[in-house]
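Scroll down for the structure; my scribbles are underneath it.
The values are calculated or read from the model by the stated rules, or taken from the named source; none is laboratory data. This one's a predicted model, so the numbers in the text were calculated from it and none came from an experiment. For neighbour counting, all protein chains shown are included, and Cβ atoms are generated from backbone atoms with ideal geometry for every residue, glycine included.
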Amino acid sequence: MLDQILKTKQKEIANLIMPSQKKVQHYSLYDALSHPTHSIGLIAEVKKASPSKGLICPDFHPQDIAKGYEAGGADAISVLTDVDYFQGHRDYLSAVKEVCAIPVMRKDFIIDKKQVDETVKIGADAMLLIVGTVPIEELKKLYDYAYSVGLECLVEVHAKNELMELLNCFTPKVIGVNNRNLKTFETSLLQTDEMAPLIPEGSLFISESGIHTEEDIKRVKQAGAAGVLVGESLMRASSPKEGIKALFGGEYHASSST
Ligand SMILES: O=P(O)(O)OC[C@@H](O)[C@@H](O)c1c[nH]c2ccccc12
């Protein structure tokens, strides 16, 4: 699946039409995750569908979802902008930026400098980079370029060998461990348990995917995660706020009364 997605990305890049620059207020993902609303940071994801789960949210209104996440105490928002496999769109990110005052991260398969430029144009504060999508030296170039144009990055790994390859090349400020194998879709929090001890002290460690319950939150926090990235369980909840409440239980407190 990942190889197929990357082939699609190459075609998208070849046909990419750069949008006009959106005028936005920027917020730091790193700062937000360093001072979370709850005892662990929450990146709440706006995700309509995925290859592993199919259609997740039929009645999909990105701005309402993002506003609900912000009101429910999310520290940042992740927005899928991939069209073909996740039914996302870059316009959804720009729309979310219009209504939220917390950092918004672009969730896509960024493999080329032009996509970084596009990410700036659509108004993102941060973007995802995935180890294994391009040679690690290329990934570092994209990382450095992103920071040079005002973006922050969450650099994602799945397996231990990917983390070792990453750290042999550079140490990102924010490192995500995807509990889901993007090739097989197998998802397990054991990934977080195993990788946590290997994340450098100076980096923020984010546990991503397969987080559905208060127990899951407690488990990854116990393992050492500074934050979580949650999509499906929030997208399937009766409301964004209810979804966040279910994750944080007794600890839950909304960031605003709305
Ligand atoms: O819906 P979940 O299981 O809560 O997962 C959210 C997020 O981690 C997942 O969408 C994701 C993490 N890394 C990615 C890379 C590409 C596409 C999607 C992802």
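In the stretch 195-220, the residues that are within 19 Å of LEU29 (Cβ to Cβ) and free of Cβ contacts under 8 Å to residues at least 60 places away in the same chain reach residues that are part of a loop (DSSP other than H, G, I, E, B) and of a type in the set (Val, Ile, Thr) with C-beta atoms within less than 9 angstrom, at least six apart or across chains, in these pairs: PRO200/THR171; GLY202/THR171; SER203/THR171; PHE205/ILE199; SER207/ILE40. Each residue in the stretch 219-249 was checked for being more than 14 Å from the ligand (Cβ to nearest atom) and in contact with a Cys (Cβ under 7 Å, 6 or more places away or on another chain), and 0 of them qualify.
Yes or no, residue by residue, for (1) outside any helix (DSSP H, G or I); (2) under 25 Å from GLN87 (Cβ atoms); (3) among the aromatic types (Phe, Trp, Tyr):
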residue	(1), (2), (3)
GLN222	no, no, no
VAL228	yes, yes, no
SER233	no, yes, no
ALA237	yes, yes, no
GLY250	no, no, no
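If I ask for residues that are away from the ligand (no atom under 11 Å from the Cβ), touching a strand residue (DSSP E or B) at 6+ places or on another chain (Cβ under 9 Å) and part of a helix (DSSP H, G or I), which ones from the stretch 199-218 would you list? Once the filter is applied, which keeps residues that are away from the ligand (no atom under 11 Å from the Cβ), touching a strand residue (DSSP E or B) at 6+ places or on another chain (Cβ under 9 Å) and part of a helix (DSSP H, G or I), the stretch 199-218 yields only ILE217.
No other residue among GLU156, GLU165 is touching a residue at least 12 places away in the same chain (Cβ under 8 Å) and buried (at least 18 other Cβ atoms within 10 Å of the Cβ) apart from GLU156. With respect to (1) closer than 15 Å to GLY231 by Cα; (2) within 12 Å of the ligand (Cβ to nearest atom), the lone exception for PHE109 is condition (1).
A residue that is charged (D, E, K, R), without any contact (Cβ under 8 Å) to a residue 60 or more places away in the chain, out of contact with any strand residue (DSSP E or B) (no Cβ under 9 Å at 6 or more places or on another chain) and more than 29 Å from ILE244 (Cα to Cα) can be found somewhere in the stretch 115-137. When the stretch 25-76 is limited to residues that are closer than 18 Å to GLU98 by Cα and touching a Cys at 6+ places or on another chain (Cβ under 6 Å), the one that is surrounded by the fewest Cβ atoms within 10 Å (Cβ to Cβ) turns out to be GLU70.
Does ILE13 satisfy the criteria of being at pLDDT 95 or above, in contact with a helix residue (DSSP H, G or I) (Cβ under 8 Å, 6 or more places away or on another chain), over 21 Å from SER239 (Cα atoms) and part of a helix (DSSP H, G or I)?
Working: at pLDDT 95 or above: yes; in contact with a helix residue (DSSP H, G or I) (Cβ under 8 Å, 6 or more places away or on another chain): yes; over 21 Å from SER239 (Cα atoms): yes; part of a helix (DSSP H, G or I): yes.
Considered against the rule, which asks whether it is at pLDDT 95 or above, in contact with a helix residue (DSSP H, G or I) (Cβ under 8 Å, 6 or more places away or on another chain), over 21 Å from SER239 (Cα atoms) and part of a helix (DSSP H, G or I), ILE13 comes out as yes.
Report yes if some residue within the stretch 18-41 is in a strand (DSSP E or B) and either of a type in the set (A, V, I, L, M, F, W, C) or touching an Asp or Glu at 6+ places or on another chain (Cβ under 6 Å) (or both); otherwise report no. Looking through the stretch 18-41, at least one residue is in a strand (DSSP E or B) and either of a type in the set (A, V, I, L, M, F, W, C) or touching an Asp or Glu at 6+ places or on another chain (Cβ under 6 Å) (or both).
Give me the pairs: first residue in the stretch 229-241 and without any contact (Cβ under 8 Å) to a residue 40 or more places away in the chain, second residue within 11 Å of the ligand (Cβ to nearest atom) and assigned to a helix (DSSP H, G or I), beta-carbon distance under 6 Å, and six or more apart or on different chains, which are they? Once the first residue is without any contact (Cβ under 8 Å) to a residue 40 or more places away in the chain and sits in the stretch 229-241, its partners that are within 11 Å of the ligand (Cβ to nearest atom) and assigned to a helix (DSSP H, G or I) give ALA237/GLY243. Of all residues in the stretch 222-242, which are surrounded by fewer than 24 Cβ atoms within 10 Å (Cβ to Cβ) and small (Gly, Ala, Ser)? Result: ALA223, GLY224, ALA226, SER233, ALA237, SER238, SER239.
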